[in-house]
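So the structure is just underneath, and the comments pick up after that.
The values are calculated or read from the model by the stated rules, or taken from the named source; none is laboratory data. What you are looking at is a predicted structure, and each value in this text was computed from that prediction instead of being measured. Cβ coordinates were reconstructed from backbone atoms using ideal geometry, including for glycine residues, and neighbour counts include every protein chain displayed. All accessible areas refer to the heavy atoms of the entire protein, side chains included, with ligands and DNA or RNA removed. Shrake-Rupley method; radii C 1.70, N 1.55, O 1.52, S 1.80 Å.
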Amino acid sequence: MPGGVAQALRFLREELAGAGIEDAHREALLIMAHVLGTEPAGVLPGDGDLDPGQRELIAALLERRLRRFPLPYLLGWVGFLDFVLCVRPGVFIPRPETEGLAERAVALTRSLPPRSLVLDLCTGSGALAIAIARARGDVRVVAVDISERSLRCAWENAHRLGVADRVELRVSDLFRRVPERFALIVANPPYVASDEIPRLPPEVSRHEPRAALDGGRGGMEVLRRILRGAPAHLVHGGWILCEIGDGQGENLVRFAEEVTNWLELRVEKDLGGRERYLVGRWWGPTI
């Protein structure tokens, strides 16, 4: 491992690019910043030499990354919207597409009645629940997941970001331990078809939790469970927002319309032009 910052940064970039890792320059900067204990903008080529411990750490991180271990797991964090979330192995890594879901959820949250209750299904690291809680100080969020490991991570994030008093975490398989009704339900559930998982990038297929990816045959089994159960947990005029897979929209809309009476139901696209978000408003009676 080269001894200078500039040489080590160049070495990292070349090794990552040679392994076919996209955006090798950015990843090299993030690894170097992590080792130096600074922000990426603080990594300056003229910063001098690395000590033996730093060179050893760079080599260890590079070796794991070349084996396609996800970079957020190596760093222990991932950026989401305007905040940072801790992530660790066994916890699903939030994607840029989910930032689009969060932005829609935040916009809806700001229009909800005072002291509304929001449900975040499959919360993972708590990204959506935290974004919603940060958007409105009077809103309470119930965030559920089947993974206790994920909920521990979400608890740490909620505490560090100052919203733990308004985010209640529960171990639950979707609605099983959720008796309340909500003004808004958000979900980023598993929606990858089981037979597609082996074809995902190795960072995902080998290292991220399968339970957070596998949507069963066709990828829509969990989404259908959510759409079937949601009306019993929405207030009159309540909203649902789900992240979905490209090409699933028409089938999910048809299924939802067969289940209950929706005032509004539509599919929206992400920034790449792919079907990504299912938006619905329920207009049934409050029971």
On the accessible surface of the chain, probed at 1.4 Å, how many percent belong to carbon and sulfur atoms?
51
Calculate the length of the line joining the C-alpha centroid of region 168-232 to that of region 19-83, in whole Å.
31
What is the distance, in nm, between label points placed 7 Å from the Cα along the Cα-to-Cβ direction at Arg210 and at Asp165?
4.3
Hand me the GluC sites (Glu not before Pro) from region 176-285 located in a DSSP loop with no more than 15 other Cβ atoms within 10 Å, in residue order please.
Glu180
In degrees rounded to 10, the 0-90 angle between helix 5-18 Cα long axis and the longest Cα principal axis of the chain is 60
Would you mind working out the accessible area per residue for the chain, using a 1.4 Å probe, and quoting it in Å²?
46
In this structure, the FRET efficiency calculated for Arg225 and Glu22 from their beta-carbon separation, with R0 = 30 Å, to the nearest 0.05, is 0.35
List the residues whose amide H sits under 5 Å from the amide H of Gly216, counting only those 5 or more places along or on another chain, with H placed 1.01 Å from N in the peptide plane.
Ser194
Extend 7 Å from the Cα of Leu57 along its Cα-to-C-beta direction; within region 1-40, residues with backbone N under 17 Å of that point are 1-6, 8-9, 12, 28-40
Longest segment of the chain lacking trypsin sites (Lys or Arg not before Pro) that sit in a DSSP loop with at most 16 other Cβ atoms within 10 Å:
207-273
Whole-Hz Karplus couplings 3J(HN,Hα) for region 241-257, θ = phi - 60° and coefficients 6.51, -1.76, 1.60, Gly and Pro as x, run 10, 10, 7, 9, x, 4, x, 8, x, 4, 5, 6, 4, 4, 4, 4, 5
Taking only the Cα positions of the chain, the convex hull volume per residue in Å³ is 128
Estimated FRET transfer efficiency when R0 is 22 angstrom, pair Glu156-Leu75 (beta carbons, to 0.05):
0.90
For region 5-82 the GluC sites (Glu not before Pro) that pass both the DSSP coil test and the at-most-15 other-Cβ-within-10 Å test are Glu22
Taking the Cβ-Cβ separation of Arg177 and Glu264 as r and a Förster radius of 22 Å, what is the calculated FRET efficiency to the nearest 0.05?
0.20
